[in-house]
1. Given the range B:242-304, report the % of alpha carbon pairs whose separation exceeds 18 Å.
2. If I model a spin label as a point 7 Å beyond the Cα along the Cα-Cβ vector, how far apart are those points for residue B:222 and residue A:144 in nm?
3. What is the average number of partner chain Cβ atoms found within 10 Å of a Cβ in B:207-214?
4. Round to a whole angstrom and tell me the spacing of the C-alpha centers of the range A:161-186 and the range B:74-88.
5. Please state the shape class of the range B:54-212: rounded when a/c is under 1.5, otherwise prolate if a/b exceeds b/c and oblate if not, all from the C-alpha gyration tensor.
6. Springs between alpha-carbon atoms under 10 Å, Gaussian network over chain A: tell me which of A:249, A:121, A:104 tops the mean-square fluctuations.
7. Give the shape of the protein assembly as shown as rounded, prolate or oblate, defined through the alpha-carbon gyration tensor: a ≥ b ≥ c are the square roots of its eigenvalues, a/c under 1.5 means rounded, and otherwise the shape is prolate if a/b is larger than b/c and oblate if not.
8. Using helices alone, I'd like the mean residue ellipticity at 222 nm for chain A: each DSSP H run of four-plus residues gives -39500 (n - 2.57), total over residue count, nearest 500.
């Protein structure tokens, strides 16, 4: 029973991190109908920005509350700028081309980033993983019984940050003018443009928002894993992507539910079966969901109009 | 559908129509045998040629799905892995077996062919299993499912004792030879070209151009997509089987997402839908790293640079994809074939059905 509770907590903790990354996939898919394959790698770039900032701050400054805030702010803002550049120079010129063209571009960017960062030329960090500085020192936050169930402080902090960001996002999408514009572009970007919505700006802002969320999630992941590596984006990105598809890509609450479900499924496989099967289970689960509900749990399969 | 009667040429054809399908194979075999004999014992040359041939098979077969049918599979290395492991394990089991009515060398080749075919069939069966559910979905979902399939295969191999887990499978008889590889290259090119001009092929082109319109015209879109998928995964399995029989060891690291992406880059670079384009791109991208390596070591500057060619290759592929999509999204050849883009004074193939 205690073991079950512990797995439940761990699963939810990793699920919330997936959820933040998955939200980025889902928002971009919502406005552009593009699977942004490079999203995970943008996240990785953000984590390296946070890593560099934490080092620049020094040992004392980065462990303070203000220091942590600076690390997060630099990574999220830097990543937003990076996402903007990718959208402006790689995706925007292809917007009216067939969708496959943009998908191939996204895969190309993902490849260039994750393998480019493995080189050790100039400022690039090289292939080997590096220890992420302890900006939040892991301590036990809550202990139930005789260490039967342990809740770590980073689990609580990442849950709080993740929930805060999600609530903020929900308000942004459903409670503001920008959110309304975003939903209009997602519905039909040509008609939205005719109604006077600056579609280019909305799409660029969506990209910046999703990249910033990814950077935040990536930092939480790095704190949990205590390491950064150029390939982390590829793997976390793929998992988050699977989560977004399970929830129904383009559906904001669906992405969160999908991510939590995926986090739990993975945790239970690791806990009760074998950890080596974890990656296969995520994809197997995806194929299973797509077989039963081709649009994901909450998505609808729209009939194609001609 | 009845086609209007065409004027029949008076002259008798060189090859009777019933044998026309077999004729190229009959011509190719002695050429390949000669080629093998000329190559003799050049180890590195025959290794490089074999790698190149395997890449051509992979690129040409992936082109049937990604180019001709307009779907997007990024798990080709997964099918290659199925072929490699199934045929590798089978060859290991059959190592001691010899067919008594044949000389030893011939018997080895027969058994090798058998395990290749079994590997190819297993890959085709996987292609069918993956294709059937996912091809009902739109193109981008297929991309994810094929990617997931590739990962699942890798994890399964890593967790199975008879596949050697993460350490890999070694001691597979080195039965492959450049002649064998190029025999299969020849078969896949022949099959792909004949497919492109057939009524099956026209259905595939129709699906690529507009799936809804194709369906409205009575094309069984799911059926044709699955068939294209099975075709392509069969040859990927064969390529994997060939690969397993000339490298010293196969391990899951040879069949990762990176490998799949390499094949995708070949197809996209050559031109989506162009068989000869895929061949040219496969040859170019196999020789490019080798060329860079020898260039760097010849220059003598920084010995480390020559060793890092493999590392530098990957980001360059990524940038190459992005630049290609921005500048020339149809790839170098588009869906044209080599003879359509040759200069005017060179002999051209007549336009029309291939």
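Derivation of every value follows stated rules applied to the coordinates shown; laboratory data play no part. Just so it is clear, the structure is predicted and the values come from calculations on it, not from any experiment. As a convention, Cβ positions derive from the backbone with ideal geometry for all residues, glycine included, and neighbour counts pool all protein chains shown.
1. Working: 1092 of 1953 pairs.
Across the range B:242-304, Cα pairs with separations above 18 Å total 56 percent.
2. Each label point lies 7 Å from its Cα, and together they span 4.6 nm.
3. Working: counts 0, 1, 0, 1, 1, 4, 1, 0.
Mean shielding count: 1.
4. Answer, in whole Å: 44.
5. Working: a/c = 2.85, a/b = 1.48, b/c = 1.92.
It is oblate, given that a/c is not under 1.5 and a/b is not larger than b/c.
6. In the Gaussian network model the winner is A:121.
7. On the way: a/c = 1.88, a/b = 1.51, b/c = 1.24.
It is prolate, given that a/c is not under 1.5 and a/b is the larger ratio.
8. Details: 12 runs with 214 residues, N = 306.
Computed mean residue ellipticity for chain A: -23500 deg cm²/dmol.
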